[in-house]
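Q: Could you have a look at this structure, given as structure tokens, before my questions?
The values are calculated or read from the model by the stated rules, or taken from the named source; none is laboratory data. Everything quoted here is computed from the prediction, not taken from an experiment. For neighbour counting, all protein chains shown are included, and Cβ atoms are generated from backbone atoms with ideal geometry for every residue, glycine included.
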């Protein structure tokens, strides 16, 4: 990254501006729905018309739609037919496998970190609402990839001489924005994998597919088994998992190298497939 103060400030402000809009839509939708709920209760005489779970799910759904509109309407991201061009099914399968393997690896490693999951019960309750399932499994990963990889990382890749700066910064912001200790570490780690795949393929399709897969697996697991039965391994079995983890790493590294070799060199300056 250039050591020009004004340039650094411009980049920081760009990232902050995207995040401010993201929070603005969430707060506006939450306040708007609460106001609607209050008005309906006054008219009907009911103490509570909409449940808290429905309100949270609806706010997440509406704010995601508004942020999607914002990203496209103000030119933060561009998606055309070229965005998905030259991506073979083989490449898509490999990147999906890399993401899926990384998901499992990071989930298991999180068992060694005694970090609280402050949102576990909230997410569990949202699986009772169709809007909650749709938002968590589909809309949230779509918005987050367009925002963190497309808008933020894409912007930084155009302006950073070292691509890893853009990848790590976008991953860190992606992790911190979850504001949940366990998710911060997990999302940052997975964000680096997403970021590298986006950098090398120059397409949002693989990371969107991988992110939807990650969230969908989590939502289905919560819906089927609940929070108490979702532990990846019991504490007594952690040491027994070490050989399996080493084997998984031994498979993921060659897979990443194979993906890297199968792709043409990254253009300099970097550009997405739609540019």
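Q: Please note which helices (runs of 4 or more DSSP H) are completely contained in the range 41-127 and include at least 2 residues that are modelled with pLDDT of 90 or more and within 27 Å of residue 185 (Cβ to Cβ).
A: 52-73, 89-109
Q: Another question, if that's okay. Are any of the residues in the range 148-158 under 11 Å from the mean Cα position of the chain (by Cα) and closer than 19 Å to residue 18 by Cα?
A: Within the range 148-158, one or more residues are under 11 Å from the mean Cα position of the chain (by Cα) and closer than 19 Å to residue 18 by Cα.
Q: Residue 180 versus (1) at pLDDT 95 or above; (2) within 28 Å of residue 115 (Cα to Cα): which is the lone unmet condition?
A: Going through the list (1) at pLDDT 95 or above; (2) within 28 Å of residue 115 (Cα to Cα), residue 180 breaks only (1).
Q: Now for a different question. Consider residue 233 against the criteria (1) in a helix (DSSP H, G or I); (2) at pLDDT below 85: it satisfies all of them except one. Which criterion is unmet?
A: (1)
Q: Only one of these conditions is not met by residue 136: (1) surrounded by 15 or more Cβ atoms within 10 Å (Cβ to Cβ); (2) more than 22 Å from residue 212 (Cβ to Cβ). Which number is it?
A: With (1) surrounded by 15 or more Cβ atoms within 10 Å (Cβ to Cβ); (2) more than 22 Å from residue 212 (Cβ to Cβ) applied to residue 136, the lone miss is (2).
Q: Considering only residues that are over 18 Å from residue 19 (Cβ atoms) and surrounded by fewer than 22 Cβ atoms within 10 Å (Cβ to Cβ), which ones fall in the range 166-200?
A: Once the filter is applied, which keeps residues that are over 18 Å from residue 19 (Cβ atoms) and surrounded by fewer than 22 Cβ atoms within 10 Å (Cβ to Cβ), the range 166-200 yields 181, 182, 185, 189, 192, 196, 199, 200.
Q: When you look at residue 112, is it under 14 Å from residue 194 (Cα atoms) and over 15 Å from the mean Cα position of the chain (by Cα), yes or no?
A: Here the answer is no, as residue 112 does not meet what is asked.
Q: Would you be able to tell me the number of residues in the range 201-213 that are under 18 Å from residue 106 (Cβ atoms) and surrounded by 22 or more Cβ atoms within 10 Å (Cβ to Cβ)?
A: So the count comes out to 4.
Q: Would you call residue 247 assigned to a helix (DSSP H, G or I) and either within 25 Å of the chain's Cα centre (by Cα) or at pLDDT below 75 (or both)?
A: no
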